[in-house]
Structures are given as structure tokens and as C-alpha cells.
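**Q** Here it is: the structure, laid out below.
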Amino acid sequence: MTGERSVDVAARSGTLQIALLGGFSVRVGSHAVPGSWRLRKSKTLVKLLALADGHRAHREVLAGVLWPGLDPAAAANNLHQALHAARRALASDRSPSADALRLRDDIVILWPDGDLIVDAEVFAAAAQRALRSGSVEDYEGALKLYAGELLPEDRYADWAAPHRDRLAALHEALTAGQARALLARRRPDEAVALLEPLVADRPNDEPLHRALMEALDQAGRRWDALDVYERLCRVLDEEYAAAPEAATLSLYRRILSGQSSAGPAVVSNLPAAVTSFIGRRREIAELLALAGRTRLLTLSGPGGAGKTRLAIEVARRLANADAVPDGVWLVDLSGVRDGRLIPAAAAASLGLALTGARPTTAAVVGQLADRSMVVLLDNCEHLLGACAEFAMALLEHCAGVAVLATSREPMRLPGEVVWRVRPLSYRTCGFPLTPHDWPAWTLSGCFSSARETHHRRSGSTLRLPCRSHASVCASTAYRWRWSWPLPGSRIWRPRSWPPGWMTRWPR
């Protein structure tokens with residue numbers, strides 16, 4: 001039986017307690033089994049069964065591990081002797097009992113009729129619960145159960161290595177998780193004490209170095225945080241000829257500039273806004289709500305409708321809201337002509353250091369598997385099939401990655417939410433109009449009407465500037481001396497503009 005046991009259950013005479021972490025020891029009820037066993041192989045047999053699933057194993061498997069290369073008949077005879085010695089050691093009255101180790105249909109079962117507590121299993125169950133909850137208290141309780149390395153006396157035994165590595169990795173994940181939870185509670189000194197020995201043991205683990213840099217920065221040890229970054233750079237360069245990830249570089253620059261460590265820096269490669277974003281308030285609100293409910297959101301529509309501008313604005317607001325810890329990244333595919341080059345373009349935009357002449361989708365996915373981020377695939381229409389395959393690979397293998405795409409046509413993938421982007425009209429510009437501004441805004445609307453009328457009559461497309469600013473439309477109309485009808489009037493022919501009219505147009 002596995003899981004946590006109460007103290008009274010552990011003290012019952014029918015309970016077998018086996019300690020594997022920090023050293024091997026056995027207790028039957030309140031009776032401690034002496035450390036000296038008559039046969040060393042009988043002790044190893046109990047260890048194997050304690051680590052096995054269900055605490056049972058086939059006798060041929062046990063014989064192959066305990067006596068590799070021995071004749072099957074001789075190995076079976078040795079196994080029976082080891083079983084006899086183990087039963088005698090586990091019996092409280094020092095007399096062998098078949099209830100301790102039962103051989104049934106060639107399956108050896110450890111302690112089949114009583115309670116069995118293995119400290120490694122109790123630790124693993126508590127660790128999984130702590131990783132799910134993310135609570136500092138759960139982390140502390142799980143770490144207290146880790147008494148040390150699994151079976152240090154069997155450090156070079158092949159059968160113990162996989163179990164030791166699994167539990168050691170679980171312990172490291174707990175330590176890193178507790179450090180992050182302490183940072184969230186603004187307890188950086190405790191986080192530093194946890195992370196420093198872990199980083200020393202894993203000098204090339206970049207996420208751990210980032211966590212230590214954050215903890216040192218919050219603790220007021222800015223120069224120590226910068227020194228951690230320098231050591232990481234040297235290790236990566238010497239062993240892998242690679243540069244740190246973009247998130248690490250962004251954190252380093254923030255610490256170097258002396259910015260506040262109130263929270264993790266937002267990382268992204270979104271272009272800086274040159275002009276203010278006008279209108280589409282309702283669309284942005286709905287897209288932000290959709291982004292929280294789906295992992296694949298595609299903005300589709302005709303060319304020039306404003307898909308890229310709208311997608312970048314939505315991505316920028318996601319980044320500013322700290323919704324994604326690892327940032328929002330734009331992958332511009334407008335200049336890519338071969339679908340096989342999409343992974344290379346994505347790796348370059350995301351700042352990934354990949355080996356090989358041509359990065360593959362599997363290599364990109366492998367580096368993004370443990371990240372929480374949004375990838376904006378812009379201009380997918382000319383590589384729709386390849387983009388769909390790349391997006392599907394991200395969604396299937398990277399649970400924390402969401403994809404925001406712009407394309408004239410949807411990718412038609414499972415779970416895809418398609419948002420149709422319509423051209424911006426003057427009614428959605430988001431600010432009131434004055435009577436003085438009305439002629440220009442009427443011209444703006446008439447541009448659209450003229451274009452549609454010309455298209456219906458001649459069957460061709462009228463090439464007009466794709467701008468929504470009223471000043472551009474009005475100045476163009478005045479230069480061409482076009483006449484436009486106004487509501488309540490017959491014909492309006494602009495002869496001259498009032499002084500300073502350009503400064504009164506909405507910007």
C-alpha cells in the first residue's frame with residue numbers, strides 16, 4: 001500500500017516501514033530490523049520489491065537482476081535461499097514466515113496482507129501534490145520528507161540508478177518551485193538559500209539561473225545577480241557555444257539598468273507603437289476574452305483590413321497584462337517563401353539557439369515545451385499548409401504556448417477560433433465629431449462608396465490609399481476638386497480651407 005500513513009497506523013504490529021532515502025532501514029511495527037542480514041542478496045531483494053510497481057515482480061526478473069549471467073536453475077535456487085533469509089529477517093520473532101514475502105504463480109509479492117509504507121513513495125506523492133498546488137506550505141512539507149539520496153550504499157548499482165534520478169529530479173523541481181513561491185511572497189533571502197546549492201550542482205540550467213538572479217535582485221544583491229549571469233554565459237559558451245535565451249538577456253538588462261524588481265520583466269519582440277491605436281475597442285475586448293479561452297485564434301480578412309495592426313495591439317495588451325510569463329513573440333512570415341523555412345524564421349524571432357544548418361520544427365518545439373507564451377504568426381496566407389503544421393506542432397507539444405495568427409484564410413485546425421476582421425469605418429473611430437469636422441468625415445465615407453460604385457460599374461478595383469484619417473481623404477478630395485453631397489445640401493464644392501484646419505483633425 002502506498003501514500004501517506006498516520007502515526008498510529010505506522011505503529012501497528014502489522015505495518016512494514018521501509019526507508020530508502022538517505023539509507024536503507026526496515027521496521028516492522030515498533031520493532032526495528034537489525035542492519036546486518038544473513039545474506040546481502042536478501043536485503044537487495046527487499047529493496048527491489050520496495051521500488052517495484054505494486055511491490056511485486058516476476059521471479060525470473062529478480063533472478064536476472066541479482067545474479068546476471070548465472071544458469072537459470074542455479075539462479076532460481078539462489079532466489080529461494082534469499083527469500084528464506086528475507087522472511088526470517090522481516091519476522092518479528094526471528095522465525096521465517098511466508099506472509100512477509102509470498103511466491104504466487106512465479107510472482108514474488110512483498111508484505112501482501114499488511115500495511116506497507118515506503119518513504120520514497122510517500123515523498124513522491126507529497127511532491128506531486130505540492131507541484132499541483134504551488135503552495136509554500138505544501139512545498140515545505142514535501143521537502144521535509146526527502147531524507148537524502150536514494151540508497152547511497154547502492155550508488156553504482158544499475159537497477160537503482162533510474163529510481164535515484166527520478167527522485168532527485170523531483171526534489172530539484174520542488175526546490176525550484178518553492179523558491180519561486182517564496183519570491184512571489186517577497187521572501188527572497190529564503191529563495192536564495194534554496195537556489196544557490198541547486199545552481200552550483202546544475203551550472204547549465206538556465207531557468208534555475210534566472211530564478212536565482214531574480215531572488216538576488218529582490219534581496220538587494222544586484223552585483224551578485226549580475227555575476228550569476230556572467231558565470232552562466234561562460235558555461236554556455238564553453239560547453240555549447242550558445243548564447244543565453246532572450247528571457248535571460250532581458251532580465252540581465254533590467255537588473256543592469258537598476259530597474260525595480262517588482263516582478264518579472266515582460267519579454268517580447270513586438271514593434272514599438274509609432275502612432276496611437278484608434279478605434280476597434282469592442283473588437284479588442286472580444287479578442288482579449290477569446291485569447292483567454294482558446295489556444296489558437298486566427299484573425300482573417302481581406303488584405304488591408306488591418307489584421308496585423310489589430311493582432312499586434314492585442315498581443316501588446318496581453319504582454320502588458322502579464323498574462324504570459326515568457327512573453328509575446330511576433331514571427332513575421334511575409335518574407336518567407338518556402339514553408340520549410342518557417343522553423344528557422346520562428347527560431348530567429350524567438351531568440352532560440354538551435355544547432356544544425358536548418359532548424360526543424362521538433363527542435364523549436366523542444367525548446368518551447370516548458371514555456372508559457374504567445375506566438376503571433378503574421379501573414380500566413382501564402383504558406384497556409386506549412387503554417388498549419390507548425391502551429392499544430394506547437395499546440396500538441398507545448399501546453400503553455402498559445403498561437404495568435406493573421407491570415408486571409410483560416411488554417412482549419414481542430415480548436416481554431418476564427419475572427420473575421422472588417423475594414424475600419426469612420427463610425428468606429430472612437431471619438432466624437434464636431435460640425436466643423438463633418439465634411440472631412442463625409443469624404444472619408446464617400447471614398448468607400450466611390451470605390452464600391454466604381455467596382456460595380458467597371459468590374460475593376462479602384463486603387464485608393466488605404467488610410468482612415470479624415471485629413472488625408474479631405475486633402476485628396478480638395479486637390480482633385482471632387483464634389484461631394486452633404487446631408488441637407490445639394491452640392492458642396494470646396495474652394496478654400498479655413499486657417500489652421502490641419503490642426504483640428506483628430507489624430
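The values are calculated or read from the model by the stated rules, or taken from the named source; none is laboratory data. Please read all numbers here as calculations on a predicted model, not as lab measurements. Note that each Cβ is placed from the backbone with ideal geometry, even for glycine, and that neighbours are counted across all protein chains shown. Remember, those area values only see protein heavy atoms, side chains included, never the ligands or the DNA or RNA. Shrake-Rupley method; radii C 1.70, N 1.55, O 1.52, S 1.80 Å.
**Q** Looking at 164, 155, can you tell me which residue is modelled with pLDDT of 90 or more, of a type in the set (D, E, K, R) and in contact with a strand residue (DSSP E or B) (Cβ under 7 Å, 6 or more places away or on another chain)?
**A** Only one candidate passes the filter, namely 164.
**Q** Quick one: is residue 147 within 27 Å of residue 225 (Cβ to Cβ) and either surrounded by fewer than 16 Cβ atoms within 10 Å (Cβ to Cβ) or over 21 Å from the mean Cα position of the chain (by Cα) (or both)?
**A** no
**Q** Is there any pair linking a residue in the range 104-115 that is within 19 Å of residue 29 (Cα to Cα) to one that is in a loop (DSSP other than H, G, I, E, B) and of a type in the set (Gly, Ala, Ser), with Cβ under 6 Å and at least six apart or on different chains, and which?
**A** Cβ pairs passing all conditions: 114/14.
**Q** Somewhere in the range 227-240, is a residue at pLDDT below 90, over 30 Å from residue 65 (Cα atoms) and buried (at least 16 other Cβ atoms within 10 Å of the Cβ)?
**A** Looking for residues that are at pLDDT below 90, over 30 Å from residue 65 (Cα atoms) and buried (at least 16 other Cβ atoms within 10 Å of the Cβ), one finds none in the range 227-240, hence no.
**Q** Do the conditions hold for residue 122, that is, is it modelled with pLDDT of 95 or more and either outside any loop (DSSP other than H, G, I, E, B) or not hydroxyl-bearing (Ser, Thr, Tyr) (or both)?
**A** For residue 122, the condition - modelled with pLDDT of 95 or more and either outside any loop (DSSP other than H, G, I, E, B) or not hydroxyl-bearing (Ser, Thr, Tyr) (or both) - is met.
**Q** Name the residues in the range 394-409 that are in a helix (DSSP H, G or I) and open to solvent by less than 20 Å² (accessible area, probe 1.4 Å), would you?
**A** 394
**Q** Does residue 280 count as open to solvent by 60 Å² or more (accessible area, probe 1.4 Å) and either within 17 Å of the chain's Cα centre (by Cα) or more than 16 Å from residue 373 (Cα to Cα) (or both)?
**A** Criteria not met by residue 280.
**Q** Related question: Only one residue in 45, 116 is part of a helix (DSSP H, G or I), in contact with a helix residue (DSSP H, G or I) (Cβ under 8 Å, 6 or more places away or on another chain) and open to solvent by less than 60 Å² (accessible area, probe 1.4 Å). Which one?
**A** 45
Listed here are the residues, each with its yes/no results for (1) more than 24 Å from residue 314 (Cα to Cα); (2) more than 11 Å from the chain's Cα centre (by Cα).
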site: 359; (1), (2): yes, yes
site: 371; (1), (2): no, no
site: 374; (1), (2): no, no
site: 379; (1), (2): no, yes
site: 387; (1), (2): no, yes
site: 391; (1), (2): no, yes
site: 399; (1), (2): no, no
site: 403; (1), (2): no, yes
site: 407; (1), (2): no, yes
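**Q** Could you say whether any residue in the range 407-423 is among the aliphatic types (A, V, I, L, M) and farther than 20 Å from residue 307 by Cα?
**A** no
**Q** Given 289, 315, which one is under 23 Å from residue 373 (Cβ atoms), open to solvent by less than 50 Å² (accessible area, probe 1.4 Å), without any contact (Cβ under 8 Å) to a residue 12 or more places away in the chain and under 25 Å from the mean Cα position of the chain (by Cα)?
**A** Step by step, each of 289, 315 is checked, and only 289 is under 23 Å from residue 373 (Cβ atoms), open to solvent by less than 50 Å² (accessible area, probe 1.4 Å), without any contact (Cβ under 8 Å) to a residue 12 or more places away in the chain and under 25 Å from the mean Cα position of the chain (by Cα).
**Q** Between a residue in the range 366-391 that is within 15 Å of residue 345 (Cα to Cα) and in a strand (DSSP E or B) and any residue that is among the charged types (D, E, K, R) and open to solvent by 50 Å² or more (accessible area, probe 1.4 Å), which pairs come within a Cβ distance under 7 Å, given they are 6 or more apart or on different chains?
**A** Qualifying pairs under 7 Å: 378/332.
**Q** Surrounded by fewer than 14 Cβ atoms within 10 Å (Cβ to Cβ) and farther than 22 Å from residue 325 by Cβ: does that describe residue 134?
**A** No.
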